[in-house]
C-alpha cells in the first residue's frame, strides 16, 4: 500500500456537505497524504450538483457528480436534474447518487414513483454514457432488478446493504460494489466482501458518514481502512487489493487520476 505510483479513488463522498465547509482544503490534503488521488463528489439535490461543479473548478482532485436522492419523489425535480446533467455532461464523472430507498419510502404508490424516477436516470446514463452511482438502502434486490431490466451497463452500487445472493446477478452483469470504512464494524459488509470477487470491488468513504467509528466524521483519508479490511477478509496483501480496486475504478470511470 506504500507504492507512490498508485493512487486510490474515493468513489462516493459528500464533499458538498456543510460538515466540510470549514476545512475542505485540509480534508483533501490529508486524503492526498493517505494515497487518495481523486474523490467522486456525489450529490442529492440540484444545489449539491451546482456546488460540486464549483468545488471541482477550484479543487481538481474533486470529480463532480449530480443526482437526486431517492427520497425526493418529485418528477419535476428529476426532469430539472436531467436538464442539468445534459448541460454539464462533459464536466461530470457520474450520475449520482440515484436509486431506490425502501427504508425511507414505505408506501407502494410512492415506491412506484421512486422506481419511475430511477428508471429515468438509468435511461439518461445509457444515453450520455455516464456511470450510475447507485443508492439502494433496504432495496438492493429491487435496485439490481431495475438496473438489469433497464439494460444499465455502467453501474456502481454504493454501500450495498443486501445479501451476497442479491448482489450476484449484478456481478454477472459487470456491475461494481463500493466498500466503505464501516466494513470494519459491519458483519453484513464483511460477508459481502467475502463472497464477491475482487474484480467487482471499489472503495468509497460516503463521507461524512460510514466511517470506522460511527460517531466520528468520516473523510476520504480513511479510504485505506476499507482497502485493509478487504485484504484481511480475503486473506491477501493490501497492495493487491489497492491495485485491483484502482484497475476496477478505471474500468468503470476511466482514468480520474493523472
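Summary table
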| item | result |
| --- | --- |
| Zone residues, the range 103-120, relative to residue 80, backbone N less than 20 Å from point 7 Å out along Cα-to-Cβ | 113-120 |
| Förster radius 35 Å - calculated FRET efficiency between residue 247 and residue 109, Cβ distance, rounded to 0.05 | 0.25 |
| Calculated [θ] (222 nm, deg cm²/dmol) that DSSP helices of n ≥ 4 give over the chain, each run adding -39,500 (n - 2.57) | -14000 deg cm²/dmol |
| Packing-based order for 19-29, 86-96, using average beta carbon neighbours within 10 Å, highest first | 86-96, 19-29 |
| Coordinate range along principal axes, alpha carbons of the range 198-258, Å, largest first | 33, 28, 18 |
| Distance (nanometres) between label positions extended 7 Å along Cα→Cβ at residue 89 and residue 165 | 4.1 |
| Over the chain, relative contact order from alpha-carbon pairs under 8 Å, at least 6 apart, % | 21 |
| Added length on full extension, which subtracts the Cα-Cα distance from 0.36 nm per residue, residue 216 to residue 173 | 11.9 nm |
| Fewest-first sequence of 7, 178, 125 by Cβ atoms within 10 Å of each Cβ | 7, 125, 178 |
| Anisotropy class of the chain from Cα gyration tensor, a/c 1.5 cut | oblate |
| Efficiency of FRET between residue 209 and residue 127 - r from beta-carbon atoms, R0 51 angstrom, step 0.05 | 0.95 |
| Among 219, 108, 116: highest mean-square fluctuation, GNM of the chain, C-alpha pairs under 10 Å | 108 |
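Each value in this text was obtained by applying a stated rule to the coordinates, not by laboratory testing. Keep in mind the model is a prediction, meaning the values are calculated, not measured. Using ideal geometry, Cβ is built from the backbone for each residue, glycine included, and neighbour counts are taken over all protein chains shown.
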